[in-house]
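Structure first, then comments.
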Amino acid sequence: MSAGIDWICAPAGPLHGDVAVPGDKSMSHRAIMLAALADGVSCIDGFLEGEDTLATARAFDLMGVRVDAPSPALRIVQGVGLHGLRTPRGPLDCGNAGTAMRLLAGLLAGQAFDAVLTGDASLSRRPMQRVIEPLSAMGARIASQPGGLPPLEVHGGSPLRGMRHAPVLASAQVKSAILLAGLFAQGETEVRESRPTRDYTERMLAAFGWPVAFEPGRAVLTGGHRLLATDVAIPGDFSSAAFLLVAASLAPGSELVLRGIGLNPRRIGLLAVLRRMGADISEHDPREQGGERVADLVVRHALLRGIDVPTEWVPDMIDEFPALFVAAAAAEGVTLVRGAAELRVKESDRIAVMSAGLRRLGIRVDETADGATIHGGTMHGGEVDSAGDHRCAMAFAVASMVAHGPIRIADCANVATSFPGFAGLAYSLGFDLRPV
Ligand code: S3P
């Protein structure tokens, strides 16, 4: 991943347009993984052409799975069956993608061969002990760098035992790693969560014909079944739409239509928070697509007020805090974020990066260990650093809707991990965003 792309975002708006956003990242990773392990040929429509999900597809290519891309956002996967993966031709480079590394650790724990999982500088600093520990308890053998850091060496050939696990941390990635190892384990694997997290792994396993029982906060399956190829239709990623929802809320005179956005209840915490802040966002043509709730969202400018973000909503908006920080900075009054320490170990320390950037733009932010108090105010222009974090880069671009001078955002190349084409799309909607 090349660093070195900065953006200059001049004050702009209003925003107008009727657009779709790229496919859901979480679902795209899982669709490739399950299609690869299935018997038969699966078609994935709406696949995210982002660096993160391309890394997952490449990993399976290295393990002998044929993945064709007849057109953008389409993948045809020739499944090799549950035990059909081959020893990878080299290390599996997950790039910037924590989801790829953690889910693959679970999936690879049940193979007969050894594999090495590597990542970029950001991923190499992210904690993997959270998957190593439960997977080891199932019988996996995974070696890491000191402190549970990548690269990971996942040694195959160890029989796995199903187990009951109640992770301390509410994490869909940890839950999914355990469930994917459970496919290869003897007996029953159960995950009980302290707070329910996104359930795409469970839903998609069911769609691929694997018997799995699940409800919010709990999932159970047994090893030894088969995955049957199926077609997967992936909706637009709410986490990508989030930036446009906040931007249009902030820029006076804006009205945007965002088509086909996935509204899985475990993903839309920000929608509830923005509405509580006073946002004008409506849902149209609600429908089901591939078992997921999908709708078109219409967002119009509105004045936002600061709120206390309920801590129980944090897992449902875990990826949306960079966007929320900017909404809070532009809102009237104070916004309080607590119970979100996990933000410190995302693609960057998002509490630190967003707080530092907003301060550079004139906003008072009081950081705490697990959140921040953001005092809404007037933003001026300035230079901010995204720290190579895709979501921080896009969030700072959104600040240009209300800032009184140009914002130069450093290190924006990683936006391609989750929202390829963001800069061009944003420009077409009314942002004044120029890569330099
Ligand atoms: C994801 C789960 C979340 C989220 C990440 C994608 C997933 O991470 O932040 O972007 O696809 O399962 P955690 O489960 O670690 O909170």
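The values are calculated or read from the model by the stated rules, or taken from the named source; none is laboratory data. Note that the coordinates shown come from a computational prediction; the quantities given were computed from them, not determined experimentally. Note that each Cβ is placed from the backbone with ideal geometry, even for glycine, and that neighbours are counted across all protein chains shown.
A few comments on the model shown:
- Checked against (1) buried (at least 16 other Cβ atoms within 10 Å of the Cβ); (2) within 29 Å of Thr87 (Cβ to Cβ); (3) more than 15 Å from the ligand (Cβ to nearest atom); (4) of a type outside the set (Asp, Glu), Leu180 passes all but condition (3).
- On the stretch given as the stretch 159-177, residues that are among the polar types (S, T, N, Q) and either more than 10 Å from the ligand (Cβ to nearest atom) or not in a loop (DSSP other than H, G, I, E, B) (or both) total 2.
- Count - residues of the stretch 178-203 that are touching a residue at least 40 places away in the same chain (Cβ under 8 Å), assigned to a loop (DSSP other than H, G, I, E, B) and among the polar types (S, T, N, Q): 1
- Test result for Ala341, of a type outside the set (Val, Ile, Thr) and more than 16 Å from the ligand (Cβ to nearest atom): no
- Positions within the stretch 292-315 being within 16 Å of the ligand (Cβ to nearest atom), modelled with pLDDT of 95 or more and surrounded by fewer than 22 Cβ atoms within 10 Å (Cβ to Cβ), in sequence order: Thr311, Glu312, Trp313
- Scanning the stretch 183-204 for residues that are more than 21 Å from the chain's Cα centre (by Cα) and either within 12 Å of the ligand (Cβ to nearest atom) or under 18 Å from Leu34 (Cα atoms) (or both) yields Leu183, Phe184, Ala185, Thr189.
- Elements of the type strands (runs of 3 or more DSSP E) sitting completely within the stretch 268-356 and holding at least 1 residues that are out of contact with any Pro (no Cβ under 6 Å at 6 or more places or on another chain) and free of Cβ contacts under 8 Å to residues at least 12 places away in the same chain: these cover 280-289.
- Screening Val345, Val334 for residues that are more than 27 Å from Ser428 (Cα to Cα), within 19 Å of the chain's Cα centre (by Cα) and of a type in the set (A, V, I, L, M) leaves exactly one candidate, Val345.
- Matching entry among Arg267, Arg192, Arg198 (being charged (D, E, K, R) and surrounded by fewer than 21 Cβ atoms within 10 Å (Cβ to Cβ)): Arg192
- With respect to the conditions (1) in contact (Cβ under 8 Å) with a residue 24 or more places away in the chain; (2) out of contact with any strand residue (DSSP E or B) (no Cβ under 6 Å at 6 or more places or on another chain), Ala20 lacks only one, and its number is (2).
- In the stretch 143-177, the residues that are over 23 Å from Gly95 (Cα atoms), more than 20 Å from the chain's Cα centre (by Cα) and either buried (at least 24 other Cβ atoms within 10 Å of the Cβ) or among the small types (Gly, Ala, Ser) (or both): Gly157, Ser158, Gly162, Ala166
- Under the condition of being more than 26 Å from Glu320 (Cβ to Cβ) and of a type in the set (D, E, K, R), the residues counted in the stretch 9-63 number 3.
- Members of the stretch 62-104 found to be surrounded by fewer than 14 Cβ atoms within 10 Å (Cβ to Cβ) and closer than 23 Å to Lys25 by Cα, listed by number: Arg66, Asp68, Pro70, Ser71, Pro72
- Condition check for Gly90: farther than 22 Å from Lys346 by Cβ, outside any strand (DSSP E or B), touching a Pro at 6+ places or on another chain (Cβ under 9 Å) and among the small types (Gly, Ala, Ser): no
- Residue pairs whose Cβ atoms lie under 7 Å apart, sitting 6 or more positions apart in sequence or on different chains, and linking a residue in the stretch 121-139 that is free of Cβ contacts under 8 Å to residues at least 24 places away in the same chain and part of a helix (DSSP H, G or I) to a partner that is hydrophobic (A, V, I, L, M, F, W, C) and within 16 Å of the ligand (Cβ to nearest atom), do not occur here.
- Scope the stretch 140-157; condition under 19 Å from Leu183 (Cα atoms) and part of a loop (DSSP other than H, G, I, E, B); matching residues: Ala140, Gly156, Gly157
- Checking each residue in the stretch 51-91 for being in contact with a Phe, Trp or Tyr (Cβ under 7 Å, 6 or more places away or on another chain) and of a type in the set (Gly, Ala, Ser) picks out only Ala73.
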